[in-house]
Amino acid sequence: MKISIILYKSKTLADGSHPLMVRISELKSKKYFSTGLSCPAEWWDFDKHTPKRSHPNRKLLEAIIAQKKATYHTKLLESEQKKLSIQQLVQAIEEPKQVTQGLFPFLSEVCQNLTQSGKIGRARLYKRLLTSLKEFASNKQLSFTDIDVPFLNRYEAFLYKQGLIENSINTYFVVLRALLNKAIQAKKMKREQYPFQDYSLGKFSTLTRKRAINKEDLQQIITLPLDPASKLQVARDYFLFSYYGQGINFRDMANLRWKQIIKDRVIYTRLKTGKTMNFKLLPPALEILERYKKTTGRQAEDLVFPILDKNKHLTPQQIENRIKRVLKQVNESLKELAKQVGIPVHLTTYVARHTYATVLKQSEVSTGVISEALGHKGEQITQTYLKSFSNEVIDEANNTLLISGAK
């Protein structure tokens, strides 16, 4: 039997890359196993079955591949000693005995895989969890059997003691829950040990500060006189394009190319969900595009907005760092913009997305339609967007309880 790592071109992932598979072959029989890794075809050497030197994360990918090959070679040697057939070897690989493994090594491996796959934002969430858990455990090793309900209660108290608010604590627990699900799938943890069946995250569900503005506030932002070359004007352009552009988020705007604008429509794939979005450009959005077309619209492959430099920001990490830096600058400008027009809201690019959803809801558009328009995976996520104005709705309803003339 022979083991090799191959790029499985028969399957294409949402980002255009192909999965890396472990191939075990014996005579004419071949079996494939997922490594959880992927690679674009242009960065893979098909003759040597290794990433090309031009791959931005070549050394990291090579290290992970070597580790996985070593694991499978060990299983192969064990199978040869036991004189197993390829079918029996496959069964041994697919149904390994559940073993207790350190939580931190597994969490680190998840971080590496996400980073290698270019999912820098998600990797950052898992790295924060790793740092937090190590601090909570005083750098002592944790096993998956340690993660029970009492552990979660102690960790919750630890996060509160650090001064975190409910939303932030909820993020840590959502990531931890996802990690345990991954561990169960990887046979690193027994399903009956899963603690989140008895520990609810609903306690962290609170109404956050208002994230949407009304049409009157929006009109003030639109009509405020600004220097066309100022940072405030650029920030306003990005905010309004998101609002008029079906709530497109900043990262998708940063990656938007002119070839994705076809006549009066925009067709792109959401980076967060992989869902294809297709919407008609409203006149204000078209006006914004016309202004930028003079400087960025020379070729179809060019980026629409001058956020990223396609010749400078090449690796996932470079792209993520640049977007994060520009987003911070834009949000600082939006904060100044809100101050100038007197809007008592922490104005950010995300407020544009929430405002889009809120205006639709106030116009009696169904939550299902809004969910589809925003590219959400389900209506439950959309409800989170719409909670920010529920207090106003309730207050208005409560006014009907007032008795005329009562004091």
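What follows is calculated from the coordinates using simple rules that are stated; it is not laboratory data. Please read all numbers here as calculations on a predicted model, not as lab measurements. Cβ placement follows ideal geometry from the backbone for every residue including glycine, while neighbour counts extend to all protein chains displayed.
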Item to complete: Would you mind calculating the relative contact order of segment 249-300 from Cα pairs under 8 angstrom and at least 6 residues apart, reporting the percent as a whole number?
Response: 30 percent
Worksheet item: Roughly speaking, what is the centre-to-centre gap between segment 171-242 and segment 321-341 when only Cα atoms are used, to the nearest Å?
Response: 17 Å
Worksheet entry | FRET efficiency, 1/(1 + (r/R0)^6) with R0 22 Å, evaluated for Lys75 and Gln193 via beta carbons | 0.30
Fill in: Full-stretch length increase - Gln317, Gln260 - with 0.36 nm per residue and alpha-carbon distance subtracted
18.2 nm
Discussion item. I want the local charge near Gln116. Using Cβ-Cβ distances under 15 Å, sum +1 for each Lys or Arg and -1 for each Asp or Glu among the other residues.
Written reply: +4
Discussion item. If I stretch the segment between Lys59 and Lys293 completely, what's the gain in nm (0.36 nm per residue apart, minus their alpha carbon distance), one decimal?
Written reply: 80.3 nm
Discussion item. Using a 7 Å offset from Cα along Cα-Cβ at Ala178, what residues in segment 119-142 end up with backbone N under 12 Å from the label point?
Written reply: 119-129
Discussion item. Run the numbers for Ser143 and Gln362: contour at 0.36 nm per residue of separation, minus the present Cα-Cα distance, in nm.
Written reply: 73.9 nm
Item to complete: Round to the nearest 0.05 the FRET efficiency obtained for Arg128 and Ala186 when R0 = 25 Å and r is the Cβ-Cβ distance.
Response: 0.75
